[in-house]
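Trainee: Dropping the structure in here first, questions after.
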Amino acid sequence: MSLNEALPLLVVATSLLTGLAIFFLAEGQQRLRIGLNLGGALAKLALVAFMLRGVWQGQHYEIRYPVLPGIDFVLRADALSMAFVTLSAVLWLFTTIYAIGYLEGSPHRSRFFGFFSLCVTATVGIALAGNLLSFFLFYEFLTLATYPLVVHRGTDKAMHAGNIYLAYTLAGGAILLVGVVWLYHLLGNVEFTQGGVLARLPADHHDQLIVIFALLVAGLGVKAALFPLHGWLPAAMVAPAPVSALLHAVAVVKAGAFGIVRVIYDVYGIEFAADLGLLLPLAVVASITILYGSLRALTQDGLKRRLAFSTVSQVSYIVLGASMFGPIGTIGGLVHLVHQGIMKVTLFFCAGNLAETLGIHRVSEMAGVGRRMPWTMGAFTVAAFGMIGVPPMAGFISKWYLGLGALDAAMPWALAVLVISSLLNAAYFLPVVYTVWFRQQDKPWPSEARTGRLETDWTLLLPPVLTALLTLGLGLFAVAAFSPLEWAKLVTVREYQR
Amino acid sequence: MQALLALDLLPWLIVLPLAFATASFLLGAHAARAIAPAGLALGLVAAGCLAWQVAGAGPQRQALGGWEAPLGITLHADGLAALMLSMTAVVAMPVGLYARAYFRHRPGGVHFWPLTWFLIASMNALYLSADVFNLYVTLEMLGLAAVGLVMIGGGAAALEAAMRYLLAAVAGSLFYLLGVALLYGAHATLDLALLAVRLVSGPHAALAAALMTIGLIVKTALFPLHFWLPPAHGGATPPVSALLSALVIKASFYLLVRLWLDLFGTLDTVAAGQLLGALGAAAILWGSLLALREKKLKMLIAYSTIAQTGYLFLFFALVTADRVGGAGSALAGGVYQALSHAAAKSAMFLAAGGMIASMGSDVIARLDGLSTRLPVSLFAFALASVSLVGLPPSGGFIAKWLLLDAALATGQWWWLVVMVVGGLLTAAYVFRVLRHAFLPACQGKVFQPVPRTLELSALALALVSLLLGLTATAPLALLAGDRA
């Protein structure tokens, strides 16, 4: 096995083996567990950094293994995979640090971190999957790996949320499977190829291809929380904060959005998808989801629920960008895939800090909390501004390209959707920011935990501060080499050059 | 390697378990327990070598005593038979090790070993027979051994279940025998290959086919003739349940496949195939719904067997409707479903046996605390569930993929719907179990320690069901060799 074959496998293995090893640790072996967690995360990050450079230089990383006659299991690193892999690797490190602090002293930590690592394994596998079968394999693995995290607390509410989560995701998976098998039946093999593979099928297959597209998008749309398939996401908020952070930023919702991007660009091909008339309906669904999520977020008093509906809305920006025919929209969608992850993870870290340190779960309890936790709330404010799209945050870059892309694709109504959504974002985030900084504390915090010199434990504080800095940095240095924007441009060039 | 390929393994696959059956009967429970691992290992080696031979040199054939059919008894093994023989040996090994630990402090070991060896011998003989009457004899032997095994649970319930089972098994054999008699009367031979040549389409042949098929679907417990299965499989001791659900019903299914492909292929079977498929679909839905409502763990697994058997019968609807030559994936899907269900279901019964032994309760609502106290058993159960639901990367997924592909190839979208809905229902009932197991233990709940073997043998079988998904190309190539 050459190095270029081994690397994609190693990137998956760094979290898979870590996860499996952690299952066998006793609760008390905390140091070893932390060592394994951080070691795995850092090793993955190093490998990813190496591969990122390689892919940029045109290296070919691929490994395959026959699963069925004529169908291989394929892991391949192309430019699009690397965007998602890098996001996962970076946020896994931050979230691991956060989770170590967050779960300090709670039971079943080995089980938690075991599944946590498996969850990242599935995400990275989704990113690196080189064909539709491999993608499906990791997509279903992700469902199974996240379920124990959602129900981790074992309360009735958590169990109920787990049921809802499974009902949605397994049904979505089943629909996706039908679409996948159907495509394989027509094509024999469905390798992800830049520019798509379906255009060569004869014209009498086009009706079937439209049905298959609907099946694939419905199956992927469940995880991407497209309206009306989003119901599981607000329910899954009962999970511990690090899980919510991971679910909303990289793992589950992004897996769906990433899958839709893959299907449009590397299975159908953007031009062929446009010829079949598939893009406009998808853009409409995405737009409805964007507006619906924002509207629902307005009225939520629970902070995590507000953030959840915000995710419903924000993830569809990616889908909207992907369904705009034209390179600028593509860039906007792809860059938002990364930017949204970093901003959303920050917001969830902060929400977790409030809950863990002061017992605050609702927006109405947050008056004056900026004085008590300035660093946390500073990070929150930066990320919230990013979500609204205020320059120079990362979110501004996404929205700028998406807006330009809408005009470029002759979809001026999509620009209107973006503008309205931004106003709505401001309407549900700015009151929070105002309450936090400008209102006086009117009642004691629900349950204040003792902390030391810092406002909370440093493991809880460091991750959101760093991701907030990233939010700022990725906006300020958007044109630096290897920035998400530059990488999205690289992906786009490779997708459109055919 | 050459010497290995030249070895005549076919008789040994029957003689070996028969010898162990006799020895176990004569020497008593203690000695039987001691020699079992050696016999199981030999069986595994023999089955593995046979599969190797078939893969390398094509189907194996041997006339006992040099007397060729129609005078003598001929043994025959192609890729399909080799796979079924391997399945038997692979499942029997961990189940046997489990039984050694399980019956150590429980009554029943005296009868378990002779009957199990006899069961294995008759299944192996069935897979190797190429003659419809010998097949009848093996079927009857198999039924009797299985009924005997159900009874070793002791108690009135086990006896009643065994009597019901006996009734069904004998009735099934009778129908089959009537069909055989009709064929013999008309064509004066019992050899499968000769019959296939001489069989002519007509009411006579159709009646024989119908009788034999009815007899065999009773034994395979296809809806609505499944009444005997839940009490027998749910009420037996765990190692017996595992053998019955994983292996015994697969033997009659195998025979059906063999007859439909090799013998009735010339008849017009499209309508009958659709009927079997429809019954299979009904079994999937009905079995799953019963499993969803069931309160006891082992009965839930038994109902799941009824549902999973339904998938096997979709094969007939798919293969008969095939006029363009996509039968390959239908056959592969049906056989793969049989193989992966064997591994997954035996893992499930063994894991459940360990859980019940530890908690002293069979009620699903009282499984709380298992995830911390018996994590290995629970993991085995979960892994087996993945295969039953048909999620990747498991044998069940490969089977489902192939069956879905066959449904698309033959343009029968309605089976797609059945399979998708069936998969979701399966997920619903297995997660009912897993969800309870994840809850923290109630105050004061006592767990008895469980021998490590009980947990590990369940895990081994669950890993086999996973491995079937990762190494599908080899068994599928073996199977494809038959039709080449």
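The values are calculated or read from the model by the stated rules, or taken from the named source; none is laboratory data. All figures in this text were calculated on a predicted structure; none of them were measured in a lab. Glycine also receives a Cβ, built like all others from the backbone with ideal geometry; neighbour counts cover every protein chain displayed.
Trainee: Test B:Trp414 against the stated conditions and say whether it is farther than 20 Å from B:Leu292 by Cα, assigned to a helix (DSSP H, G or I) and more than 8 Å from chain A (Cβ to nearest Cβ).
Mentor: Yes; evaluated as a whole, the condition is true for this residue.
Trainee: Just need a number here: residues in the range A:390-408 that are buried (at least 23 other Cβ atoms within 10 Å of the Cβ) and not aromatic (Phe, Trp, Tyr).
Mentor: Result for the range A:390-408: 9.
Trainee: Still on this structure, please answer the following. If only one of B:Leu479, B:Leu468 is buried (at least 24 other Cβ atoms within 10 Å of the Cβ) and either facing chain A (nearest Cβ under 8 Å) or assigned to a helix (DSSP H, G or I) (or both), which one is it?
Mentor: None of the others qualify; the one that does is B:Leu468.
Here's the yes/no breakdown for (1) surrounded by 14 or more Cβ atoms within 10 Å (Cβ to Cβ); (2) modelled with pLDDT under 90; (3) not aromatic (Phe, Trp, Tyr):
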| position | (1), (2), (3) |
| --- | --- |
| A:Glu27 | no, yes, yes |
| A:Arg33 | yes, yes, yes |
| A:Leu42 | yes, no, yes |
| A:Leu47 | yes, no, yes |
| A:Tyr61 | yes, no, no |
| A:Ala83 | yes, no, yes |
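Trainee: Does A:Leu320 satisfy the condition of being crowded, with 24+ Cβ neighbours inside 10 Å and within 22 Å of A:Ala218 (Cβ to Cβ)? Before the answer, list the steps.
Mentor: Details: crowded, with 24+ Cβ neighbours inside 10 Å: yes; within 22 Å of A:Ala218 (Cβ to Cβ): yes.
Taking the combined requirement at face value, the residue satisfies it.
Trainee: Another question about this same structure. Please verify whether B:Gly143 is assigned to a loop (DSSP other than H, G, I, E, B), surrounded by fewer than 24 Cβ atoms within 10 Å (Cβ to Cβ) and among the small types (Gly, Ala, Ser), treating the condition exactly as stated.
Mentor: no
Every residue, every condition in (1) assigned to a helix (DSSP H, G or I); (2) farther than 19 Å from A:Val252 by Cβ, yes or no:
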residue: A:Ala273; (1), (2): yes, yes
residue: A:Ile290; (1), (2): yes, no
residue: A:Gln300; (1), (2): no, yes
residue: A:Arg306; (1), (2): yes, no
residue: A:Phe325; (1), (2): no, yes
residue: A:Ile331; (1), (2): yes, yes
residue: A:Cys350; (1), (2): yes, yes
residue: A:Arg371; (1), (2): yes, yes
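Trainee: With within 11 Å of chain B (Cβ to nearest Cβ) and either within 25 Å of B:Gly328 (Cα to Cα) or of a type in the set (A, V, I, L, M) (or both) as the only criterion, which of A:Ala127, A:Ala167, A:Ala145 stands out? Step through it out loud before you land on a result.
Mentor: Working: A:Ala127 fails: within 11 Å of chain B (Cβ to nearest Cβ); A:Ala145 fails: within 11 Å of chain B (Cβ to nearest Cβ).
Of A:Ala127, A:Ala167, A:Ala145, the one residue that is within 11 Å of chain B (Cβ to nearest Cβ) and either within 25 Å of B:Gly328 (Cα to Cα) or of a type in the set (A, V, I, L, M) (or both) is A:Ala167.
Trainee: Another one. What's the number of the only condition in (1) within 9 Å of another protein chain (Cβ to nearest Cβ); (2) in contact (Cβ under 8 Å) with a residue 24 or more places away in the chain; (3) over 30 Å from B:Gly411 (Cα atoms) that A:Gln194 fails to meet?
Mentor: The number of the failed condition is (1).
Trainee: Considering only the range A:51-95, state which residues are within 14 Å of chain B (Cβ to nearest Cβ) and farther than 28 Å from A:Leu36 by Cβ. Steps first, answer last, please.
Mentor: Keep residues of the range A:51-95 that are within 14 Å of chain B (Cβ to nearest Cβ), which gives A:64-75.
Correct list: A:Arg64, A:Pro66, A:Val67, A:Leu68, A:Pro69, A:Gly70, A:Ile71, A:Asp72, A:Val74.
Trainee: Step by step: first the residues of the range A:428-448, then only those that are within 32 Å of the chain's Cα centre (by Cα) and polar (S, T, N, Q), then the one that is farthest from A:Thr311 (Cα to Cα). Which residue is that?
Mentor: Checked the range A:428-448; the qualifying residue farthest from A:Thr311 (Cα to Cα) is A:Ser447.
Trainee: If you don't mind, another one. Could you please find all residues in the range A:474-491 being part of a helix (DSSP H, G or I) and either in contact with a strand residue (DSSP E or B) (Cβ under 7 Å, 6 or more places away or on another chain) or in contact (Cβ under 8 Å) with a residue 24 or more places away in the chain (or both)?
Mentor: Across the range A:474-491, the qualifying residues are A:Leu474, A:Gly475, A:Leu476, A:Pro484, A:Leu485, A:Trp487, A:Ala488, A:Lys489, A:Leu490, A:Val491.
Trainee: Got at least one residue in the range A:238-246 being within 23 Å of B:Trp401 (Cβ to Cβ), buried (at least 17 other Cβ atoms within 10 Å of the Cβ) and within 14 Å of chain B (Cβ to nearest Cβ)? Write out each step before concluding.
Mentor: Just the residues of the range A:238-246 that are within 23 Å of B:Trp401 (Cβ to Cβ), to begin with: none.
Within the range A:238-246 (the criterion being within 23 Å of B:Trp401 (Cβ to Cβ), buried (at least 17 other Cβ atoms within 10 Å of the Cβ) and within 14 Å of chain B (Cβ to nearest Cβ)), the answer is no, since none of the residues qualifies.
Trainee: Go through A:Gly19, A:Gly35, A:Gly54 for me and flag whichever is assigned to a helix (DSSP H, G or I), in contact with a Ser or Thr (Cβ under 8 Å, 6 or more places away or on another chain) and not hydrophobic (A, V, I, L, M, F, W, C). Steps first, answer last, please.
Mentor: Working: A:Gly35 fails: in contact with a Ser or Thr (Cβ under 8 Å, 6 or more places away or on another chain); A:Gly54 fails: in contact with a Ser or Thr (Cβ under 8 Å, 6 or more places away or on another chain).
Step by step, each of A:Gly19, A:Gly35, A:Gly54 is checked, and only A:Gly19 is assigned to a helix (DSSP H, G or I), in contact with a Ser or Thr (Cβ under 8 Å, 6 or more places away or on another chain) and not hydrophobic (A, V, I, L, M, F, W, C).
Trainee: Where in the range B:320-406 are there helices (runs of 4 or more DSSP H), lying fully within it, with 2 or more residues that are surrounded by 24 or more Cβ atoms within 10 Å (Cβ to Cβ) and within 13 Å of another protein chain (Cβ to nearest Cβ)?
Mentor: In the range B:320-406, B:327-359, B:375-389 are the helices (runs of 4 or more DSSP H) which contain 2 or more residues that are surrounded by 24 or more Cβ atoms within 10 Å (Cβ to Cβ) and within 13 Å of another protein chain (Cβ to nearest Cβ).
Trainee: Does any residue of the range A:171-189 turn out to be closer than 30 Å to A:Arg109 by Cβ, in contact with an Asp or Glu (Cβ under 9 Å, 6 or more places away or on another chain) and within 11 Å of another protein chain (Cβ to nearest Cβ)?
Mentor: Yes, that holds for at least one residue.
Trainee: While we're looking at this one, here's another question. For residues that are assigned to a helix (DSSP H, G or I) and within 14 Å of chain A (Cβ to nearest Cβ), scanning just the range B:433-454, find the one that is modelled with the lowest pLDDT.
Mentor: Keep residues of the range B:433-454 that are assigned to a helix (DSSP H, G or I), which gives B:433-438, B:452-454.
Those left that are additionally within 14 Å of chain A (Cβ to nearest Cβ): B:433-438.
Numbers: B:Val433: 92, B:Leu434: 90, B:Arg435: 87, B:His436: 88, B:Ala437: 87, B:Phe438: 82.
That would be B:Phe438.
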